[in-house]
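This report concerns only the one structure given below.
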Amino acid sequence: MPFKDECGVFGIYAHQEASRQTYLGLYALQHRGQEAAGICSRDGRELILHKDQGYVADVFNETILDRLRGQAAIGHTRYSTTGGNVASAAHPFLVRGRFGQVALCHNGNLTNTEQLRSKLIEEGHVFTSPSDSEVILALINRAKADRLEDAVHEALGQAEGAFSLLILAEDLFIAVRDPRGFRPLALGQLGDGWVLSSETTAFDLVNATYIREVAPGEMLILPSGSREPVSRFTDKPAAPSPCVFEHVYFARPDSLVFGRSVMATRRDMGRRLALRYPVEADLVVPVPDSGVHAALGYSEASGIPFDFGLVRNHYVGRTFIEPKQSIRSFGVKVKLNPCRELLKGKRVVLVDDSIVRGTTSRKIVQMVKEAGAAEVHLRISSPPTTHSCFYGIDTPTRNQLIAATHTVDEIQAFLGAETLGYLTVDDLQGAMGDQDGKGFCYACFTGNYPVAVRNGKA
């Protein structure tokens, strides 16, 4: 639970209730971003946009959805990476240029934003937000190509880093995934229409059928009146490097991401963790929600009973008001509460997905001990996070990552746990079915970045 979520995109083409279906899709992707949400629809004459800061349910109502007319729509739920949490950086972005109205949603992060932005400013472009997504739109509008799909292709040839994009124009619907395929994007079908989503769980909610992943470097074009997507690929192919952290933490367990079951992968991580770091204990307890399936796997492999020793409050919003009289570890307590009768006197294996700074993990270990646990053995279903991510995940700078500056023994002492065990990189690769270790991006664990970082320092 330590990382902040990224973004989710959802779009639908050729459906009578496109905006309402997109609203439902964003609901299913709410876990990927809680700062802002937006939908842009097309009614055959113009693009209609509504976006604001807040949860999906706070941003939209019946009146707004009625105004978002048309048979095509794209939507976005946002957590900020580039641009910060400001209203101007909310998606979709809508501009009017030489291709008419064009709207764009983006999940990911360009690694050469600063260079591209400086070049565009020198050419006279005026930006209205700090977002790298607006940079992409500016590149499209300034491309030499005469057709929008060619302009997108030309513009993205200059972009580096991670981008899964949905682009809605007056006569086109375009979906694009970067050549490395860092961020997920799946294609589904709903009746005679087409659906695109960051995760397949959104397909389930709108009764769409999962077809396939959009391939790394692929552009799907849905022109008006067309029944079948037209596929086009980048001129700069690269070895795929999808983000392994989607399976560790970000994605919902009921999704297929990169064509793999998130739930099954996490259970396998837990099983491998139990074999790598066995311990005599009475109870396996997950840190909810992302630690649940790894904990189930640990319980299965170890034979130690599983139970929910921590209960999560699912109704906590983005912010909450603290009492005037200070309460120790209030931020953790408002989200998690221990089951004292279950934990009292028990040797507990506490399973979580990752450790970032270590401060939250320390508070959780303390909470479990204060609830009466005799021992706490912390097990982490990913390797130590030693490097920052620059491809669409908001991580601290490297010197703020506890595993970058401390040994496992030092981290264990800081957390106050009896023992600490991380999943190894080899075991993570095994759980992902990545035999040669080249099928996914592991940069946050290894420092081996697939794409050069220009916007920041690793």
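For this structure, a couple of remarks:
- Restricting segment 207-259 to residues that are surrounded by fewer than 18 Cβ atoms within 10 Å (Cβ to Cβ) and basic (Lys, Arg) leaves a set whose member that is nearest to the chain's Cα centre (by Cα) is ARG212.
Each row is one residue, and each column tells you yes or no for (1) in contact with a Leu (Cβ under 9 Å, 6 or more places away or on another chain); (2) among the acidic types (Asp, Glu).
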{"position": "ILE136", "(1), (2)": "yes, no"}
{"position": "ASP146", "(1), (2)": "no, yes"}
{"position": "ALA159", "(1), (2)": "yes, no"}
{"position": "ALA162", "(1), (2)": "yes, no"}
{"position": "VAL176", "(1), (2)": "yes, no"}
{"position": "LEU190", "(1), (2)": "no, no"}
{"position": "TYR210", "(1), (2)": "yes, no"}
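- Residues of segment 1-12 that turn out to be farther than 16 Å from ALA90 by Cβ and at pLDDT 95 or above, as a count: 2
- Residue tally, condition of a type in the set (Val, Ile, Thr) and over 28 Å from the mean Cα position of the chain (by Cα), over segment 138-165: 0
- Listed by first and then second residue, the pairs with beta-carbon distance under 7 Å, at least 6 apart or on different chains, first residue in segment 193-206 and touching a residue at least 40 places away in the same chain (Cβ under 8 Å), second among the charged types (D, E, K, R) and assigned to a helix (DSSP H, G or I), are SER198/ARG32.
- Scanning segment 268-314 for residues that are under 27 Å from the mean Cα position of the chain (by Cα) and surrounded by fewer than 16 Cβ atoms within 10 Å (Cβ to Cβ) gives ASP289, PHE308, VAL311, ASN313, HIS314.
- Given (1) at pLDDT 95 or above; (2) under 27 Å from ALA264 (Cα atoms); (3) touching a Pro at 6+ places or on another chain (Cβ under 8 Å), number of the condition SER388 does not satisfy: (1)
- ARG180 being within 30 Å of GLN30 (Cα to Cα), assigned to a strand (DSSP E or B) and of a type in the set (D, E, K, R): no
- When segment 41-67 is filtered for residues that are within 22 Å of the chain's Cα centre (by Cα), loosely packed, with under 15 Cβ neighbours inside 10 Å and within 17 Å of LEU104 (Cα to Cα), only ASP52 remains.
- Matching residues, segment 365-386, being closer than 23 Å to ARG398 by Cα and surrounded by fewer than 24 Cβ atoms within 10 Å (Cβ to Cβ): PRO383, PRO384, THR386
- Condition met for VAL195 (on the phi < 0 side of the Ramachandran plot, over 18 Å from the mean Cα position of the chain (by Cα) and of a type in the set (A, V, I, L, M)): yes
- Screening segment 333-354 for residues that are of a type in the set (Val, Ile, Thr) and either surrounded by 24 or more Cβ atoms within 10 Å (Cβ to Cβ) or closer than 15 Å to ASP307 by Cα (or both) and picking the one that is nearest to the chain's Cα centre (by Cα) gives VAL351.
- Unique match (being touching a residue at least 12 places away in the same chain (Cβ under 8 Å), within 20 Å of CYS40 (Cβ to Cβ) and either touching a strand residue (DSSP E or B) at 6+ places or on another chain (Cβ under 7 Å) or surrounded by 24 or more Cβ atoms within 10 Å (Cβ to Cβ) (or both)) among GLU149, GLU160: GLU149
- The requirement of being of a type outside the set (Asp, Glu), over 22 Å from VAL230 (Cα atoms) and modelled with pLDDT of 90 or more is satisfied by VAL135.
- Residue check, GLN400 over 30 Å from SER241 (Cβ atoms), among the polar types (S, T, N, Q) and either surrounded by fewer than 21 Cβ atoms within 10 Å (Cβ to Cβ) or touching a residue at least 12 places away in the same chain (Cβ under 8 Å) (or both): no
- Put simply, of PHE250, PHE203 the only residue that is aromatic (Phe, Trp, Tyr) and closer than 26 Å to ASN112 by Cα is PHE250.
- Of the residues making up segment 34-49, those that are at pLDDT 95 or above and touching a Gly at 6+ places or on another chain (Cβ under 6 Å) are ILE39, SER41, ARG42.
- Test: residue in segment 380-395 that is over 22 Å from the mean Cα position of the chain (by Cα) and not assigned by TED's automatic domain parsing to the domain that holds GLY33: no
- Test for LEU296: is it assigned to a helix (DSSP H, G or I), in contact with a Lys or Arg (Cβ under 8 Å, 6 or more places away or on another chain) and not hydroxyl-bearing (Ser, Thr, Tyr): yes
- Put simply, of GLY38, GLY70, GLY124, GLY75 the only residue that is in a loop (DSSP other than H, G, I, E, B) and surrounded by 17 or more Cβ atoms within 10 Å (Cβ to Cβ) is GLY70.
- Qualifying residue in segment 42-62 (condition: β-branched (Val, Ile, Thr) and either under 19 Å from ALA208 (Cα atoms) or assigned to a loop (DSSP other than H, G, I, E, B) (or both)): no
The values are calculated or read from the model by the stated rules, or taken from the named source; none is laboratory data. Values in this document were obtained by computation on a predicted structure and should not be read as measured data. Reconstructed Cβ throughout: ideal geometry from the backbone, glycine too, with neighbour counts over all protein chains shown.
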